[in-house]
Amino acid sequence: MTGPTAPAQQPRTPARTTTPKPSRSPAAATRAARARQPSLAQLRAFAAVAEHLHFREAAAALGMSQPALSGAVAALEETLGVQLLERTTRKVLLSPAGERMAARTRSVLHAVGELMEEAEAAQAPFTGVLRLGVIPTVAPYLLPTVLGLVHRRYPDLDLQVHEEQTASLLEGLGQGRLDLLLCAVPLGAPWVREIPLFDEDFVLVTPDGHPVAGRTDLPRSMLRELDLLLLDEGHCLRDQALDICREAGRTEGASVTTSAAGLSTLVQLVAGGMGVTLLPHTAVRVEAGRNQSLATAHFAAPAPARRIALAMREGAAREEEFRAFGDALRAALRSLPVRLALP
């Protein structure tokens with residue numbers, strides 16, 4: 001008696017091996033993505049068809065052949081993977097997707113047009129925006145000349161003025177918030193390039209009837225014992241005045257009253273008999289010239305002075321323009337009581 005026959009074993013199907021596709025490099029992926037991006041010519045063709053809803057009229061508006069226009073729109077549809085138009089023998093209609101894409105296409109072409117206009121404006125000097133930072137002890141006395149110059153010679157220049165203390169101006173220049181500074185130098189920043197404008201003397205402002213009022217040969221040594229009024233901390237003019245006092249031999253312990261945030265307040269304190277102060281020569285007429293309670297005294301040569309300059313970032317794209325502006329501004333300042341600096 002024989003036992004049950006074992007079922008025949010089915011032959012095994014060999015396992016299928018799949019060769020992994022090599023992954024594309026980032027550069028190849030970028031090239032592929034760029035290859036699928038629509039061209040401006042394709043967008044202009046579609047925008048024209050969307051406007052005219054007629055291939056012949058759209059082609060005539062763009063100055064191209066009708067087959068070339070049709071090919072550009074078809075290529076755009078293939079690139080986007082979306083049907084933009086419904087073509088019939090009698091007319092052309094926008095598909096629902098085409099309606100949305102037409103509005104977006106117009107926005108893109110408008111933005112490209114603005115980009116080209118901006119580029120053309122950038123090629124022309126003294127056009128566009130110029131963000132000028134000015135220190136408070138310069139702004140009221142030089143801005144009328146600056147604004148007059150811009151109005152007369154550079155009517156297409158959009159000048160925006162920011163009045164701030166030196167530290168804030170330098171920060172804004174370094175961050176790109178400001179393009180150009182009008183301030184006292186040196187600034188002590190190695191990445192800044194200065195365009196000298198002029199040097200101006202400091203004048204001592206006193207109450208009327210003060211023992212030194214009206215003198216034109218005042219020695220610096222007189223600063224050692226006078227009751228000197230200065231601006232608040234942060235103003236470069238305060239630091240300059242203190243440097244002058246140290247050079248004159250004024251001791252660190254000598255009394256210095258700091259109670260004014262601006263030059264106008266400072267001279268009012270002088271008029272009230274609280275002390276004397278140092279003003280840059282360009283500020284004297286505005287701040288003290290019409291006050292009968294004030295007098296001035298001038299130092300013997302060489303008088304203490306400060307230098308005013310334009311300052312820009314090293315390697316500024318508009319350096320040539322800024323230097324030309326500095327030359328024009330220097331010439332416009334000839335009427336002020338200053339000594340023009342060599343460019």
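The values are calculated or read from the model by the stated rules, or taken from the named source; none is laboratory data. Note that the structure is predicted; figures quoted are calculated from it, not measured. Positions of Cβ are backbone-derived with ideal geometry, glycine not excepted, and every protein chain shown enters the neighbour counts. Just the protein is used for accessible areas: all its heavy atoms, side chains included, with ligands, DNA and RNA removed. Shrake-Rupley method; radii C 1.70, N 1.55, O 1.52, S 1.80 Å.
Looking across region 112-131 at every residue that is among the aliphatic types (A, V, I, L, M) and open to solvent by 80 Å² or more (accessible area, probe 1.4 Å), the one that is nearest to the chain's Cα centre (by Cα) is identified as A122. Taking P211 as the residue in question, decide whether it is farther than 22 Å from V134 by Cβ, free of Cβ contacts under 8 Å to residues at least 12 places away in the same chain and open to solvent by 40 Å² or more (accessible area, probe 1.4 Å). For P211, the condition - farther than 22 Å from V134 by Cβ, free of Cβ contacts under 8 Å to residues at least 12 places away in the same chain and open to solvent by 40 Å² or more (accessible area, probe 1.4 Å) - is met. Might you check whether a residue that is surrounded by fewer than 15 Cβ atoms within 10 Å (Cβ to Cβ), modelled with pLDDT under 80 and not charged (D, E, K, R) occurs anywhere in region 235-250? Yes, the conditions are met somewhere in region 235-250. The residue that is surrounded by the fewest Cβ atoms within 10 Å (Cβ to Cβ), among those in region 293-343 that are over 22 Å from Q240 (Cα atoms), in contact (Cβ under 8 Å) with a residue 60 or more places away in the chain and over 28 Å from the mean Cα position of the chain (by Cα), is S293. Applying the criterion of at least 3 residues that are not aliphatic (A, V, I, L, M) to the strands (runs of 3 or more DSSP E) found wholly in region 130-210 leaves 157-163, 192-207. Tell me, which residue of region 82-97 that is in contact with an Asp or Glu (Cβ under 8 Å, 6 or more places away or on another chain) and over 15 Å from H52 (Cβ atoms) is most open to solvent (accessible area, probe 1.4 Å)? Per the criteria, the residue is Q83.
Being over 30 Å from L310 (Cα atoms) and assigned to a helix (DSSP H, G or I) is a description that applies to E78. A single member of V276, V284, V212, V256 is over 31 Å from the mean Cα position of the chain (by Cα) and at pLDDT below 80, and it is V256.
From the list T216, T145, which one is within 20 Å of A341 (Cβ to Cβ) and open to solvent by 20 Å² or more (accessible area, probe 1.4 Å)? Talk me through it step by step, then tell me what you get.
Values: T216 fails: within 20 Å of A341 (Cβ to Cβ).
Checking each option against the conditions leaves just T145.
Checked against (1) assigned to a loop (DSSP other than H, G, I, E, B); (2) over 30 Å from G209 (Cα atoms); (3) touching a helix residue (DSSP H, G or I) at 6+ places or on another chain (Cβ under 8 Å), A311 passes all but condition (1).
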